[in-house]
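Heads up: the structure comes next, in structure tokens.
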2 protein chains.
Amino acid sequence: MHGQPHVVIVGGGFAGLWATRALARDAVRITLVDRRNHHLFQPLLYQVATAGLSAPDIAAPLRHILRRQGNVEVRLGEVTAIDTAGRQVRLADGGVLDYDFLLLASGATHAYFGHDDWATAAPGLKTLEDALAIRRRVLLAFERAEAASDPDQRAAWLEFAVVGGGPTGVELAGTLAEIARHTLRDEFRRIDPAQARVRLIEAGPRVLSSFPESLSAKAATQLRRLGVEVVTGRPVAHIDDQGYTLELGDGRQERVPARTVLWAAGVAASPLGALLQAERDHAGRVLVGPDLSIPGRPEVFVAGDLASVRQGDRAVPGVAPAAKQMGRHVGDAIRARLASRPAPGFRYRDFGNLATIGRMAAVVDLHGLKLSGIVAWWFWLVAHVFFLIGFRNRLAVLTNWAWAYWTYQRHARIIFGPSRPRGATGDTDDTGDAPAERRR
Amino acid sequence: MHGQPHVVIVGGGFAGLWATRALARDAVRITLVDRRNHHLFQPLLYQVATAGLSAPDIAAPLRHILRRQGNVEVRLGEVTAIDTAGRQVRLADGGVLDYDFLLLASGATHAYFGHDDWATAAPGLKTLEDALAIRRRVLLAFERAEAASDPDQRAAWLEFAVVGGGPTGVELAGTLAEIARHTLRDEFRRIDPAQARVRLIEAGPRVLSSFPESLSAKAATQLRRLGVEVVTGRPVAHIDDQGYTLELGDGRQERVPARTVLWAAGVAASPLGALLQAERDHAGRVLVGPDLSIPGRPEVFVAGDLASVRQGDRAVPGVAPAAKQMGRHVGDAIRARLASRPAPGFRYRDFGNLATIGRMAAVVDLHGLKLSGIVAWWFWLVAHVFFLIGFRNRLAVLTNWAWAYWTYQRHARIIFGPSRPRGATGDTDDTGDAPAERRR
């Protein structure tokens, strides 16, 4: 068995997992390396952040998913170096993996465009830990507002802003408004959660800019109906833990006291891309050839959000279907190489674009067929639950959603870690130092 | 409304919550203070620790449980001082609560009997954070074993010990054995998880010492059948992050290299008990009078695990039914005081004793009727799911259990936080510094 070609796949997201599965029947041995033990169904991550789903609902251990695929070994580990000349991957625990083929598919992370100091004040959403941190922050904000004696402090705790009007920002803002208006109804005695203001802030002229203009407009209307204040054409000039500042143009600015700001404005490629000696684009994505290998290294592939792929005059978008297609393609390309056939060129099949907004609100663009509102929401729901990995998860998610739909309740409203609400005293560290200490 | 007597209840566990509910129709205003936002169904906590249930399955926000009880206000906060003469409770955020009646029901925590240095090496199980930390440690141990190149290190990662043969220790050991033997089957390539050794270590002569001897013997048999090595009459002399040492008698000791040791050997009362000027027993529990008030302070009550109550020649045990009964009793006592009637004496109704051991294994002692094995397990399951708070939780838990029963799978096997398996290099900090950093 050790005589078989060794394929090392870094990253158990959509690209890495689909490549692994594509090679299930081939005479190779595969090592799938991830620094986490689970595959994450990222399209539903915002539901964990907003307490609608539990973390295990949208994640499954990679080992479990792949337990019956005999030619794969799952390795929990963090890649620290790649030697493309010597064909070796080095791990933080000292492990060294020799490879015959390498797929780097370590995805993307959120980016603050040179404002890394905003990261503590405005967390982004890429991992389960991010989602739980956002959940904690949002739920604690209402607790702090209830405990605050100073009206200004109270107002700042009831002021929510989501920066970035792409799909993640739209989902977060829509769901936050639902929580404030419906989920928390009757639960507080000193504040009315429905008075919370949820603002979605987009620097560009419209939300969901990757959709046709008519659907952007419909999305904005649906957001407003859910209770979100949509602000477009206003870049954020500054964020700190007491609030944020908007550019109004002509040098004027608006300062808004707000204790909860969420970041959904940018992504950058995983830093592992820098470990390859290969050209990268402005977002750090690795430029790959038509077969997704890097120039001069036909045995090294990059796929998913880390890959910069152009199809004609358009860039292949960083969405789950594209990552799966790239992963599958890399499997095919490796098979072709092993058979000494030329590797086929990658072709992205774009089936359309979906974005959910909130309860019964979504937009769908199927290239010709445009849907919005309830119909789009059902389309989105069925598509997402259908693609969720693992039968049990699908069942659990459907149950949770049916429950949430009828009751407006969100079952995962647990704040982990003891919290000391310092209320009106102006505490700046409100996102929980405690959990880790408790964990020792 | 502010003219009504103010009842302050500290702690939203069984005692505090049941007292709150008992006063639902009385002309009082209630403030329920807890440093967490949720009520926790502690009897199923071991299932979260062993990845069978998600945290939100066994916890519900106190605000949500009490949203329709108009006379109660829920306050997230941590009590720092109690002035029984001035009838005031002080909170960490500067808040001050004046009370007419006080119920202190802040429960218990685990205790290391003077060996607090064992706490990092052998975590205990009292909170959701504890459960997630144990889950992380157990799942990572198998990952480390898989990655280890040194056979001794590998063996140490596959060596599990649970210290303490009470109900929690028995549950943890039985479930660990199930995970090793069944849940992880086929998932690893270099180790066989079924080769893991799970030892349950009890200093006394038998496990489940609060049960009749015949049931203790049955429990030990069932544990062995599940794959647990039951060690009795062997006190632990030392624990560190590389292993533990047992006293064998005659001054002899056995040193066992083990990277995963869990602590289920002792509980102590919540430190808040010390804030009352009242006599306490050796475990820190507050000695209360027949009506559960403290001597000389008829308006101050203590209930649940924090209260030391004797019933004839027996101590009322620290179990959920006793806490609920005490909570309800305090409600009755406050009502009696308000009507200038003498408060009734508390009488504990002992319906029996249940302990689960693992898949299809449990013991039940109903004072005369003794059950063990499958019948006892079903009895235990029905009783626990029935008492689980919140209809959705009950449904979710039943679904999860049905799933787990048929598939042997445990759906919550997610390790939070990136982890760097340092494998054979002898890392000592294996329980995750990362999560909190990620959360910023």
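The values are calculated or read from the model by the stated rules, or taken from the named source; none is laboratory data. All values reported here derive from a predicted model rather than from experimental measurement. FYI the Cβ positions are ideal-geometry reconstructions off the backbone, even for glycines, and counts take in every protein chain you see. Ligands, DNA and RNA are stripped out before the accessible areas are found, and what is left, the full protein with its side chains, is counted by its heavy atoms. Shrake-Rupley method; radii C 1.70, N 1.55, O 1.52, S 1.80 Å.
How shielded is B:153-166 by partner chains, expressed as the average number of their Cβ atoms within 10 Å of its Cβ atoms?
0
Taking Cα pairs under 8 Å and at least six residues apart, what relative contact order does chain A come out at, in percent?
Computed value for chain A: 20 percent relative contact order.
What whole-number distance in Å separates the alpha-carbon centres of segment B:245-263 and segment A:138-196?
52 Å
May I ask you to derive the FRET efficiency for residue A:367 and residue B:408 from their Cβ-Cβ distance with R0 = 41 Å, giving the value to the nearest 0.05?
Plugging the Cβ-Cβ distance into 1/(1 + (r/R0)^6) gives 0.35.
On the accessible surface of the protein assembly as shown, probed at 1.4 Å, how many percent belong to carbon and sulfur atoms?
Taking all protein chains in place, the protein assembly as shown shows 51 percent carbon and sulfur surface.
Using a 10 Å cut-off around each Cβ of peptide B:37-45, what is the average number of partner chain Cβ atoms that fall inside?
Per residue, the number of nearby Cβ atoms from other chains is 2 on average.
Of all DSSP beta bridges in segment B:1-96, what percent run antiparallel (nearest 5)?
The antiparallel fraction comes to roughly 45 percent.
Size of segment B:124-256 along its principal axes in angstrom, Cα-based, largest extent first?
43, 32, 29
Take the Cα atoms of segment B:348-400, find their three principal axes, and give me the spread along each one in whole Å, biggest first.
35, 29, 12
How big is the A-B contact in terms of buried accessible area, both chains counted, 1.4 Å probe, rounded to the nearest 100 Å²?
6700 Å²
7 Å from Cα along Cα→Cβ at both residue B:351 and residue A:386: what's the point-to-point distance in nm?
Each label point is offset 7 Å from its Cα along the Cβ direction, giving 4.7 nm.
Summarise the long-distance tail of P(r) for the protein assembly as shown by giving the % of C-alpha pairs beyond 43 Å.
Everything past 43 Å amounts to 35 percent.
Would you mind giving the mean number of other chain beta-carbons within 10 Å of the Cβ of each residue in A:60-70, as a whole number?
Mean number of neighbouring Cβ atoms from other chains: 4.
Counting only the backbone N, which residues of segment A:55-82 are under 12 Å from the spot 7 Å out from the Cα of residue A:88 toward its beta-carbon?
A:81-82
Calculate, for residue B:281 and residue B:378, the FRET efficiency according to 1/(1 + (r/R0)^6) with r their C-beta to C-beta distance and R0 45 Å; round to the nearest 0.05.
0.75
Enter the angle in degrees (range 0 to 90, nearest 10) between the Cα long axis of helix A:320-338 and the first principal axis of the Cα atoms of chain A, meaning the one along which they spread out most.
The angle comes out near 10 degrees.
Which value in nm describes the separation of the simple spin-label points at residue A:250 and residue B:248, placed 7 Å from the Cα toward the beta carbon?
8.8 nm
What number, in nm² with one decimal, is the all-direction average of the projected area of the convex hull of the alpha-carbon atoms of segment A:25-170?
For segment A:25-170, averaging the hull's shadow over all directions gives 12.5 nm².
Whole-Hz ³J(HN,Hα) for each residue in segment B:170-187, computed from phi via Karplus 6.51 cos²θ - 1.76 cosθ + 1.60 with θ = phi - 60°, x for glycine and proline: what do you get?
Karplus-based 3J(HN,Hα) across segment B:170-187 equals 5, 4, 4, 5, x, 6, 4, 5, 5, 4, 5, 7, 10, 4, 8, 3, 6, 8 Hz.
So what is the 222 nm mean residue ellipticity for chain B from helices alone, if each DSSP H run of at least 4 adds -39500 (n - 2.57) and you divide by all residues, rounding to the nearest 500 deg cm²/dmol?
-9000 deg cm²/dmol
Cα axis of helix A:391-407 to longest principal axis of chain A: angle in degrees, 0 to 90, nearest 10?
20 degrees
With viscosity set to 0.890 mPa s and temperature to 25 °C, compute the Stokes-Einstein D of segment B:199-333, Rh being the Kirkwood radius across alpha carbon pairs; µm²/s, no decimals.
138 µm²/s
Angle check, please: helix B:213-226 long axis (alpha carbons) against the longest principal axis of chain B (alpha carbons), in degrees 0 to 90, nearest 10.
The answer is roughly 50 degrees.
Which whole-number value in Å² is the accessible area per residue of chain B, probe 1.4 Å?
Each residue of chain B exposes 39 Å² on average to a 1.4 Å probe.
May I ask what percent, to the nearest 5, of DSSP beta bridges between residues of chain B are antiparallel?
Expressed as a percentage, antiparallel bridges in chain B total about 50.
Taking the simple approach of a point 7 Å from Cα along Cα-to-Cβ for both residue B:116 and residue A:192, what is their distance in nm?
Taking the two extended label points, one gets 4.9 nm.
Take every Cα-Cα pair in chain A and report what % of them are more than 36 Å apart.
The calculated P(r) of chain A puts 30 percent of pairs beyond 36 Å.
Among residues other than residue B:159 whose Cβ falls under 12 Å from its Cβ, what is the net charge (Lys/Arg +1, Asp/Glu -1)?
+4
Looking at A:253, B:58, A:294, which one has the Cα that reaches farthest to the positive end of the dipole of the protein assembly as shown (charges on Cβ: Lys, Arg +1; Asp, Glu -1)?
Of the options given, the answer is B:58.
If B:14, B:387 are ordered by their accessible area, calculated over protein heavy atoms with a 1.4 Å probe, which sequence runs from highest to lowest?
Descending accessible area places them as B:387, B:14.
How about segment B:3-51: which trypsin sites (Lys or Arg not before Pro) there are in a DSSP loop, with at most 15 other Cβ atoms within 10 Å of their Cβ?
Here the sparse-neighbourhood loop sites are B:25.
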